[in-house]
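Engineer: Questions regarding the structure given below will be posed in turn.
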Amino acid sequence: GDTEVKEEPISNETAANDVENSSEVVEEIAPLTLDDVLAAAMEEAGESTAHEGTMSISETSTLDGIETQVSFKATYEEDMSFEGEYGGHVLHHITETVPYEGDTYTREVYRKPDIAEYELNTELGDEWIFRDISLTGSAYEDRLHYFSPYEYLQIIEQYKDTLIFTEMDDFYEILIELNPETDLNVIEELNWNAAEDGSLLKPSEYAFDPVFSTLYLYINKEDLILDSVTYNVSLEDGENTLHVSSFHEFTSYMLTDVIEPPAEAYEQTGVEQWN
């Protein structure tokens, strides 16, 4: 107890070494590549047999010197586990159409390939209409299907060498610039995907040819799933022009309810042809 203990002062160098040795080593995480992001997104999308979403579409056209505008807002749910002889899946969609002039109207459709279609169109009235698709088959042209997440991601695969891949704060952006001469098939498929009933993208008296087209795809950084897609296309037919911009957003990679027409559809048509 009589021994005197002398404490040596701690030098700055010693203190620095102690701090360095006690600190945890922080490793830098390499950023994900396009292949990493695409593989993760495709794995999730490939496991899905259904999807739900919304399509917001705006069309601006100049026909014979007159400019008109129309917009569509579609909400849909689609079961991809059932596909008919002529393609398409079990589909329920509600489309609100806002014309340049006139009243807004709503079209609701339940469609099951090779079986039946029930439609309610407020522009024509408030009663359900039944169509027997087992008789009309592919001769009756209507919307059969919306692009699924997996189908969009397959387009990315085709353009991996030319697309622009950008990392944002909350998502990855993928830009694909489509060439109207070499990518016409892809453009036509995307046009069809954005063509609601009444769209000028559907066959009409005008023979529009695409002159410019871009596809933006947005993959969520947290979950690495495809959240939304923006598609733009400009077309011409002589002096007539058409520009379409669509925003496709996925709200679910599965069905949140069973797709089946409401009871009033069966009651009003007098036909119950579904299951």
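Engineer: Need the full-extension length gain, residue 44 to residue 122, defined as separation in residues times 0.36 nm minus the C-alpha distance. One decimal, nm. Show your work: numbers first, answer last.
Structural biologist: Numbers: separation 78, 0.36 × 78 = 28.08 nm, distance 3.77 nm.
My answer for the length gained is 24.3 nm.
Engineer: What shape does region 57-177 take by its C-alpha gyration tensor, where a ≥ b ≥ c are the square roots of the eigenvalues and a/c under 1.5 counts as rounded, a/b above b/c as prolate, and the rest as oblate?
Structural biologist: Details: a/c = 2.22, a/b = 1.26, b/c = 1.75.
Here region 57-177 falls in the oblate category.
Engineer: Per residue, how much accessible area does the chain have with a 1.4 Å probe, in Å²? Display every interim value, and only then the final one.
Structural biologist: On the way: 15970 Å² over 275 residues.
Accessible area per residue, the chain: 58 Å².
Engineer: When we measure straight from the Cα of residue 73, which aspartates and glutamates land under 16 angstrom away, once same-chain ones fewer than 8 places off are left out?
Structural biologist: Here the aspartates and glutamates satisfying the reach criterion relative to residue 73 are 52, 59, 96, 103, 108, 123, 196, 197, 249.
Engineer: Okay, moving on. Cross-link candidates for residue 112: which aspartates and glutamates have Cα within less than 15 Å, leaving aside residues fewer than 8 places away along the same chain?
Structural biologist: Leaving aside aspartates and glutamates fewer than 8 places away in the same chain, those within reach of residue 112 are 77, 78, 79, 83, 85, 132, 141, 142, 260, 272.
Engineer: Something else now. Give me the number: length gained by fully extending residue 34 to residue 151, i.e. 0.36 nm times residue separation minus the C-alpha to C-alpha distance, one decimal in nm.
Structural biologist: Fully extending the segment from residue 34 to residue 151 adds 40.4 nm.
Engineer: On to the next question. If I fit a long axis through the Cα atoms of helix 184-193 and take the longest principal axis of the Cα atoms of the chain, what angle between them do I get, 0 to 90°, rounded to 10?
Structural biologist: With both axes taken from Cα atoms, the answer is about 80 degrees.
Engineer: In whole Hz and in residue order, list the ³J(HN,Hα) couplings for region 80-94 that follow from phi through the Karplus curve 6.51 cos²θ - 1.76 cosθ + 1.60, θ = phi - 60°; x for Gly and Pro.
Structural biologist: For region 80-94, the Karplus-derived couplings read 8, 6, 10, 9, x, 4, 9, x, x, 10, 5, 9, 10, 9, 10 Hz, x marking Gly and Pro.
Engineer: From the list (i) 14.8; (ii) 26.6; (iii) 17.9, can you say which value of mean projected area of the Cα convex hull in nm² was derived from the structure given?
Structural biologist: (ii)
Engineer: Over the heavy atoms of residue 66, what accessible area does a 1.4 Å probe trace out, to the nearest 10 Å²?
Structural biologist: Result for residue 66: roughly 110 Å² accessible.
Engineer: Compare 35, 170 by solvent-accessible area with a 1.4 Å probe and give them largest first, with all protein chains kept in place.
Structural biologist: Accessible-area ranking of 35, 170, largest first: 170, 35.
Engineer: Same structure again: Expressed as a whole percentage, what fraction of the accessible surface of region 180-222 belongs to carbon and sulfur atoms when a 1.4 Å probe is rolled over the protein heavy atoms?
Structural biologist: Details: 1060 of 2280 Å².
Carbon and sulfur: 47 percent of the exposed surface of region 180-222.
Engineer: Next question, about the same structure. Sort 107, 131 from largest to smallest accessible area, using a 1.4 Å probe on the heavy atoms of the protein chains.
Structural biologist: 131, 107
Engineer: For the chain, what does -39500 (n - 2.57) per DSSP helix run (n ≥ 4), summed and divided by total residues, give at 222 nm, in deg cm²/dmol to the nearest 500?
Structural biologist: About -5500 deg cm²/dmol.
The values are calculated or read from the model by the stated rules, or taken from the named source; none is laboratory data. Since this is a predicted model, take the numbers as computed values, not measurements. Protein only, heavy atoms only, side chains kept; ligands, DNA and RNA dropped before computing areas. Shrake-Rupley method; radii C 1.70, N 1.55, O 1.52, S 1.80 Å.
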